[in-house]
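The values are calculated or read from the model by the stated rules, or taken from the named source; none is laboratory data. These figures come from a predicted structure and were not determined experimentally. For neighbour counting, all protein chains shown are included, and Cβ atoms are generated from backbone atoms with ideal geometry for every residue, glycine included. Protein only, heavy atoms only, side chains kept; ligands, DNA and RNA dropped before computing areas. Shrake-Rupley method; radii C 1.70, N 1.55, O 1.52, S 1.80 Å.
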Amino acid sequence: MNAPICLCVADKLRLEPLLSHHDHGIILHVEEKSTLRKILSKAHITDRESELEDRVGLYDRVTLVSPSDPLDSFVLEITMPSEADLDADRISVAIPVSLAALGRARGTAISWEMPSGLVRQMTISSIVKAAEPAVA
């Protein structure tokens, strides 16, 4: 998880309120807040399309593939916690896999701890950018 992180200004502005206790009743766990705080503090923040086109942002559709088994893959869309819908593969940004992928480039290997305690590793194989930024 040491690859550079790059986020757009709008995503940063959407994510910062999650670090407070007053974001419309959404409360993140201490670990999630800590990880999100680290991501936001390390991230290169920009609105240059050329820097963002191959980076995972909010509302993008991301395909993750296992490095050991190309048939082991899944697609997710990273959303704000209140918009998550597992049946539609819309995953909260507060979930470890989302935090591992956020701001990372296509081709980057990411890893995260699963609820079972096992560490999962996958590669970001494709990013389909959101048609237009969602309203904050």
Quiz prompt | Listed residues S126, H44, L64: farthest to the positive end of the dipole of the chain (Cβ charges) | solution = H44
Quiz prompt | Farthest toward positive dipole pole in the chain [+1 Lys/Arg, -1 Asp/Glu at C-beta], among F74, A88, A100 | solution = A100
Quiz item: Could you give me the ³J(HN,Hα) list for segment 32-48, computed from phi with Karplus coefficients 6.51, -1.76, 1.60 and θ = phi - 60°, whole Hz, x at Gly and Pro?
Solution: 5, 4, 4, 5, 5, 4, 5, 4, 5, 6, 8, 5, 7, 9, 8, 10, 6
Quiz prompt | Solvent exposure ordering (accessible area, 1.4 Å, most first) of M80, M122 | solution = M80, M122
Quiz item: Between R37 and A131, what is the label-to-label distance in nm when each label sits 7 Å out along the Cα-to-Cβ direction?
Solution: 3.8 nm
Practice problem: Would you mind classifying segment 79-136 by shape? Square roots of the alpha carbon gyration tensor eigenvalues, ordered a ≥ b ≥ c; an a/c under 1.5 is rounded, otherwise it is prolate if a/b is larger than b/c and oblate if not. | Solution: oblate
Quiz prompt | ³J(HN,Hα) computed for each position of segment 12-20 - Karplus, 6.51 cos²θ - 1.76 cosθ + 1.60, integer Hz, glycine/proline x | solution = 4, 5, 6, 7, 3, x, 5, 7, 9
Practice problem: Give me D for the chain in µm² s⁻¹, whole number, from Stokes-Einstein with Rh from the Kirkwood sum over alpha-carbon pairs, 25 °C and 0.890 mPa s. | Solution: 163 µm²/s
Quiz item: In percent, what relative contact order does the chain have, based on Cα pairs under 8 Å that are 6 or more apart in sequence?
Solution: 27 percent
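Can you give the extra length, in nm with one decimal, that the chain gains between V65 and Q121 once fully stretched, where that is 0.36 nm per residue apart less the Cα-Cα distance? Write out the running numbers ahead of the final one.
Details: separation 56, 0.36 × 56 = 20.16 nm, distance 0.87 nm.
Working it through step by step, the gained length comes to 19.3 nm.
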Quiz item: Which ³J(HN,Hα) values, rounded to whole Hz and listed in residue order, are derived for segment 107-122 from phi using the Karplus coefficients 6.51, -1.76 and 1.60 in 6.51 cos²θ - 1.76 cosθ + 1.60 with θ = phi - 60°, glycine and proline given as x?
Solution: x, 7, 7, 10, 9, 7, 8, 8, x, 6, x, 6, 9, 9, 10, 9
